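Colleague: Below are the structure tokens for one structure; questions will follow.
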Amino acid sequence: MKYLKDVLHLFFPKVCCTCNTSLLQTERIICTICRHDLPIICYRNYKDNKIKNAFSGRIPIEKAISFLFYRKESKTKELIHNLKYKGNQEIGTFIGDWFGHLLNESHQLDDIDYIIPVPLHYKKLKLRGFNQLTTFGICLAQHLNTIYLPNILIRTSASKTQTFKQRLERFSKLDTKFSLTDSTIFANKHVLLIDDVITTGATLESCCKELLKSKNIKISIVTMAYTE
Ligand SMILES: [Zn+2]
């Protein structure tokens, strides 16, 4: 088996998904140089950071934590683009494993009952074939020793690719495009809502508004990246 792997690697070397150089057999998804270049967000204070502050006055949340900064020409952008639009779901596992390990060590999210993804509309899911948060969410659930629960929070109408103007409109006028298929399951629970990138936070805010219909729910947010 090892021999077969070596031969396959020789003829079909895997490449770094951000710089396209061949990966060594010990490397996964990205090369060591790019890995060290990733803009990981360091926290001094998990309870009071600028990601959580971005939601203050909008929705009550316990914690909001992102893994990477998302910048215009950054490797983060490449990673997430490869995950979302090139179907490389292993990237979700890669980020979930790394971030999940850090979160577990930080003991910041030890009391999470469920992890739920920002849902895709079923039409979009059909078109893309997968939700880009699935592998990430499953991995996080393993590290945080909790349950990944998709399909309870659903998206009830499709959002088309947004222009800048539409995005502005959306930001100022929040839509209600999410609903719960079970209104009791999250009562008295601490739910971790996950997404890929926080930009305006409007989508997460809409999800939270729906989730807050559950009695005595606590919500925290974790995303792969955060736009400064
Ligand atoms: Zn690289």
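The values are calculated or read from the model by the stated rules, or taken from the named source; none is laboratory data. Just so we're clear, the structure is a prediction, and the values are computed from it rather than from any experiment. As a convention, Cβ positions derive from the backbone with ideal geometry for all residues, glycine included, and neighbour counts pool all protein chains shown. We work out accessible area using only protein heavy atoms, side chains counted, and drop any ligands, DNA or RNA first. Shrake-Rupley method; radii C 1.70, N 1.55, O 1.52, S 1.80 Å.
Colleague: Would you tally the net charge around residue 139, using a Cβ to Cβ cut-off of less than 12 Å, leaving residue 139 out, and scoring K and R as +1, D and E as -1?
Modeller: Overall, the nearby charge balance is -2.
Colleague: Any idea what angle helix 2-11 forms with the longest principal axis of the chain, computed on alpha-carbon atoms, 0 to 90 degrees, nearest 10?
Modeller: So the helix axis and the longest Cα principal axis differ by about 90 degrees.
Colleague: Let me have the relative contact order for the stretch 1-146, percent, based on Cα pairs under 8 Å that are six or more residues apart.
Modeller: 18
Colleague: Then there's this: How large is ³J(HN,Hα), in whole Hz, for each residue of the stretch 114-122 in order, when computed from phi with the Karplus curve 6.51 cos²θ - 1.76 cosθ + 1.60 and θ = phi - 60°, using x for Gly and Pro?
Modeller: Listing the rounded values in order: 9, 10, 10, x, 5, x, 9, 5, 4 Hz.
Colleague: Let me check I have the definition right: for the chain, take the eigenvalues of the Cα gyration tensor, multiply each by 5, take square roots. What are those semi-axes in whole Å, largest first?
Modeller: 31, 20, 18
Colleague: Considering amide H positions built from the backbone, and no H for Pro or chain starts, which residues 5 or more places from residue 64, or on another chain, come under 5 Å of its amide H?
Modeller: Distant-sequence amide H within range of residue 64: 52, 221.
Colleague: Can you tell me what share of the DSSP beta bridges in the chain is antiparallel? A percent to the nearest 5 is fine.
Modeller: Around 25 percent antiparallel, to the nearest 5.
Colleague: Ranking request for peptides 182-188, 195-201: highest mean number of other beta-carbon atoms within 10 Å first, then the rest in descending order.
Modeller: Answer by packing, highest mean first, reads 195-201, 182-188.
Colleague: Moving on to the next point. Taking the stretch 11-52 on its own, what percent of its Cα-Cα pair distances exceed 14 Å?
Modeller: 56
Colleague: Also, quick follow-up: Residues of the chain: accessible area per residue at 1.4 Å, in Å²?
Modeller: Heavy-atom SASA per residue in the chain reads 56 Å².
Colleague: Which ³J(HN,Hα) values, rounded to whole Hz and listed in residue order, are derived for the stretch 190-196 from phi using the Karplus coefficients 6.51, -1.76 and 1.60 in 6.51 cos²θ - 1.76 cosθ + 1.60 with θ = phi - 60°, glycine and proline given as x?
Modeller: Once θ is set to phi - 60°, the couplings for the stretch 190-196 become 9, 9, 9, 8, 10, 8, 7 Hz.
Colleague: Which net charge results when you count Lys and Arg as +1 and Asp and Glu as -1 among the other residues whose beta-carbon is under 13 Å from that of residue 103?
Modeller: -3
Colleague: Hey, with R₀ at 22 Å, roughly what FRET efficiency would residue 90 and residue 123 work out to, going by the Cβ-Cβ distance, to 0.05?
Modeller: The value I calculate is 0.30.
Colleague: So how many Å³ per residue does the convex hull of the Cα atoms of the stretch 31-152 work out to?
Modeller: Expressed per residue, the convex hull around the Cα atoms of the stretch 31-152 is 134 Å³.
Colleague: Ignoring ligands, DNA and RNA, what percent of the 1.4 Å accessible area of the chain is carbon and sulfur?
Modeller: The computed percentage sits at 54.
Colleague: Enter the accessible area of residue 56 (Å², nearest 10), with the probe set to 1.4 Å and all protein chains included.
Modeller: Counting only protein heavy atoms, residue 56 exposes about 80 Å² to solvent.
Colleague: Would you mind computing, in nm to one decimal, how far apart the modelled labels at residue 228 and residue 25 are, each placed 7 Å from Cα along Cα→Cβ?
Modeller: Distance between the two pseudo-spin positions: 4.0 nm.
Colleague: Follow-up question, since we're still on this one. Taking the Cα centroid of the stretch 90-132 and of the stretch 59-76, what is the distance between the two, rounded to the nearest whole Å?
Modeller: The stretch 90-132 and the stretch 59-76 have Cα centres spaced 13 Å from each other.
Colleague: Further question on the same structure: Where does each of 132-145, 76-89, 14-27 land if you order them by average Cβ count within 10 Å, highest first?
Modeller: The most tightly packed comes first, giving 132-145, 76-89, 14-27.
Colleague: Report ³J(HN,Hα) in whole Hz for each residue of the stretch 207-215, in order, from the Karplus equation J = 6.51 cos²θ - 1.76 cosθ + 1.60 where θ = phi - 60°; Gly and Pro get x.
Modeller: 3J(HN,Hα) across the stretch 207-215, in whole Hz: 4, 4, 4, 5, 4, 5, 6, 7, 5.
Colleague: Set the bar at 22 Å for Cα to Cα. Now go through 86/126; 63/209; 52/126; 50/86; 50/215 and name every pair that lies beyond it.
Modeller: In this structure, 52/126; 50/86; 50/215 lie more than 22 Å apart at Cα.
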